[in-house]
Structures are given as C-alpha cells and as structure tokens.
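Have a look at the structure below, then the notes.
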Amino acid sequence: MQPLPATTPVPPARRLRPVLRWALAVAVLGAGLAAAPPASAAASPYQRGPDPTVSSIEASRGAFAIAQSTVAASGVTGFGGGTVYYPTSTAEGTFGAVAISPGFTATQSSVSWLGPRLASQGFVVITIDTLSRYDQPASRGTQLLAALDYLTNTSSVRTRIDRGRLAVMGHSMGGGGSLSAANTRPQLQAAIPLTGWHTVKNWSGVRVPTLVLGAENDSVAPVASHSEPFYTSLPSTLDKAYLELNNASHSAPTSTNVTVAKYSISWLKRFVDDDTRYEQFLCPAPQASSAIQEYRDTCPHS
C-alpha cells in the first residue's frame with residue numbers, strides 16, 4: 001500500500017480569512033439594514049385615480065369618464081328626486097358617494113355644477129331636489145340621508161358604491177341640512193356645508209370630519225352668525241376646517257368656483273377615500289390669498 005501523501009498545514013491566518021470575510025459580510029448587511037429607510041405606509045385601499053396635483057384638483061374634470069341618470073321624484077321616497085353622476089368604469093373598485101342639497105327655494109340646478117366635477121374625481125354623486133322648495137334645514141338633512149339610502153340600496157348604481165364611505169354637502173339651508181345629517185348619522189365620512197344657514201349654532205355633537213365654507217360678504221348667512229359659530233362649536237378633537245371665501249357672496253357656491261371645488265375634492269378624498277395624497281392641500285393650512293379670506297384647521301389630520 002502506498003503511503004498517503006502528507007497534507008500541507010494551512011497557516012492560521014489563511015484559515016481565518018473565510019471566517020473574517022463571512023463576519024464582514026454579515027456586519028455590512030446588518031449595517032445596511034439598519035440604515036435602510038422604513039417601508040412607506042400602505043396606500044389606502046380606497047385610493048382612486050392618479051397622484052393629485054394643484055392643476056388636477058383645480059381642473060373642471062378629473063381622470064374618470066362619467067355618465068349621469070335622472071331620478072324621478074315619483075320613483076323615490078324621502079326626497080324629491082335628482083340627478084346621479086358616476087364614473088363609468090369600476091376597474092379601480094367601488095366609490096364613495098356624496099349627496100348634495102340646494103338651498104331655500106332653489107332646485108338642484110343651483111348645485112348641479114358640483115355633480116360632474118366631483119364624479120370625475122372618483123365619486124358617485126347625487127344632486128337632489130327637495131320635497132318642497134321651502135323645506136327647513138333639518139328636513140333637508142333628513143332628505144340627504146334618504147338620498148344616500150336610495151343610492152346604496154335601490155339605485156341602478158348601487159353596486160358601484162362602498163356603503164361605508166358616504167358624505168353630505170349642501171348650499172345655504174342645504175348646508176345647514178348637511179350639519180343636521182352629520183349630527184344624525186355619525187357613520188358618515190365627511191360633511192361640507194357651503195355658506196350654510198341654520199338656526200342651530202351649536203354642533204358639538206358632530207363626529208363627522210367637517211369642512212365649513214363661508215363667504216366674506218354673505219348677507220344671507222353672515223359668517224359671524226353662521227359659518228364661524230358652526231365651526232367653533234364643532235369639537236376641537238374633530239378633523240375640521242373653516243374656509244372663508246374672499247370678497248364672495250352667499251351665492252358663490254352655486255356656480256363654478258375653483259376654490260370651492262379644489263378644497264371640497266381634497267376634503268372628500270382625504271376623509272371618504274382615506275387618501276393621504278390629498279393631505280398636502282389641507283395641511284399645512286392654506287394661506288390667505290385673493291381667493292381665501294381666512295382658513296382655520298385642526299391640522300395635522302394624519
């Protein structure tokens with residue numbers, strides 16, 4: 001038998017090199033993991049549409065193609081019929097819904113510009129006629145809720161709507177009605193009274209994120225006796241904001257108004273869709289400008 005060849009001893013330094021290389025790799029990897037930024041928070045499952053910009057929320061139309069249908073008064077109960085505006089595609093999922101009431105003696109035509117504007121941003125919207133043009137705010141609030149119930153239960157677009165993501169808006173007495181609706185149904189995700197009018201000034205019981213919009217030169221619902229006390233009375237812990245339109249009258253929200261639209265869109269997106277991409281337009285609070293007389297807010301919202 002041939003003797004086995006002698007093995008050459010490996011110097012200690014060479015034996016240590018693989019170990020050192022392994023230890024160094026582990027140390028570098030560990031350092032890299034420690035230095036890596038944390039993963040960003042997951043996007044809201046209700047996020048709809050592309051990343052917003054100032055121009056996108058000021059545009060007359062958003063990213064969604066829309067259609068509309070008429071709701072006959074004879075076919076519904078609890079409100080006077082209206083018009084539904086909705087995105088034609090559900091490729092991104094279901095949408096939040098918004099009901100909007102006109103003011104005293106007015107018809108839905110006074111708020112109809114908001115229908116396609118909001119729907120094209122990714123909402124199902126119904127602008128309503130009231131049972132009587134002389135209905136008071138509390139009644140208008142009840143009718144807004146009836147319109148939401150119609151949308152989610154029996155309307156032809158009900159499968160497009162997420163029943164848990166609903167909001168109310170309104171002008172003048174309709175704005176007062178939106179506060180009444182929010183007070184009645186705390187499950188709502190947002191309320192936006194537009195130059196609202198209501199004999200009730202204390203809304204400390206409201207638990208719905210609320211954007212109160214007033215107008216500097218409003219002689220019908222002066223901000224000092226309506227919008228400002230509405231906002232002030234809302235709980236300090238609530239997500240709330242007060243926007244006063246500069247040099248504007250009571251009727252400012254009844255025709256195309258970029259400021260009304262951009263902040264309404266941002267508020268609805270932030271609280272109905274839980275879409276924090278729109279936080280940038282609300283916090284920090286917008287500064288006074290040629291369009292905004294004053295803005296108050298309980299920032300931060302997130």
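Read-outs throughout are calculated quantities, based only on the coordinates presented, and are distinct from any laboratory measurement. In this text, all values refer to a predicted model and were calculated from it rather than measured experimentally. Backbone-built Cβ (ideal geometry, glycine too); neighbour counts: all protein chains shown.
Numbers for the structure displayed
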| quantity | calculated |
| --- | --- |
| Stokes-Einstein D in µm²/s, Kirkwood radius over Cα pairs - the range 156-245 at 25 °C with 0.890 mPa s viscosity | 189 µm²/s |
| Among Val220, Val111, Val125, residue whose mean-square fluctuation peaks in a GNM of the chain (springs only between Cα atoms under 10 Å) | Val220 |
| Virtual paramagnetic centre 7 Å along Cα→Cβ of Asp51, amide N under 19 Å, in the range 247-278 | 266, 269-270, 274-278 |
| Selected from Ala97, Thr195, Tyr278, residue furthest toward positive end of dipole (the chain; charges at beta carbon) | Tyr278 |
| Pair Ser233, Ser74: separation of 7 Å Cα→Cβ label points (nm) | 4.1 nm |
| FRET E, pair Thr154, Ala67, Förster distance 30 Å, beta-carbon r, rounded to 0.05 | 0.95 |
| Sequence-separation-based contact order of the range 74-142, relative, with Cα cut under 8 Å and 6+ spacing, percent | 43 percent |
| Separation between Cα centres of the range 190-250 and the range 139-166, rounded to whole Å | 24 Å |
| DSSP-defined antiparallel bridges as percent of all bridges, the chain, nearest 5 | 40 percent |
| Sparse-neighbour loop sites [chymotrypsin sites (Phe, Trp or Tyr not before Pro); the range 112-183; at most 12 other C-beta within 10 Å; DSSP] | Tyr134 |
| Among 171-182, 288-299, the order from most to least packed when residues are scored by Cβ within 10 Å on average | 171-182, 288-299 |
| Per-pair calculated FRET efficiency, R0 = 51 Å: Thr88 and Cys283 via Cβ, rounded to 0.05 | 0.95 |
| Additional length obtainable on full extension of the chain from Val200 to Asn247, 0.36 nm per residue less Cα span | 14.4 nm |
| Cα-Cα pairs of the range 163-302 separated by more than 25 Å (percent) | 16 percent |
| Relative contact order of the chain, defined on C-alpha pairs under 8 angstrom at six or more residues apart (%) | 15 percent |
| Alpha-carbon Rg with Dmax, taken over the range 91-189, Å | 12.6, 41 |
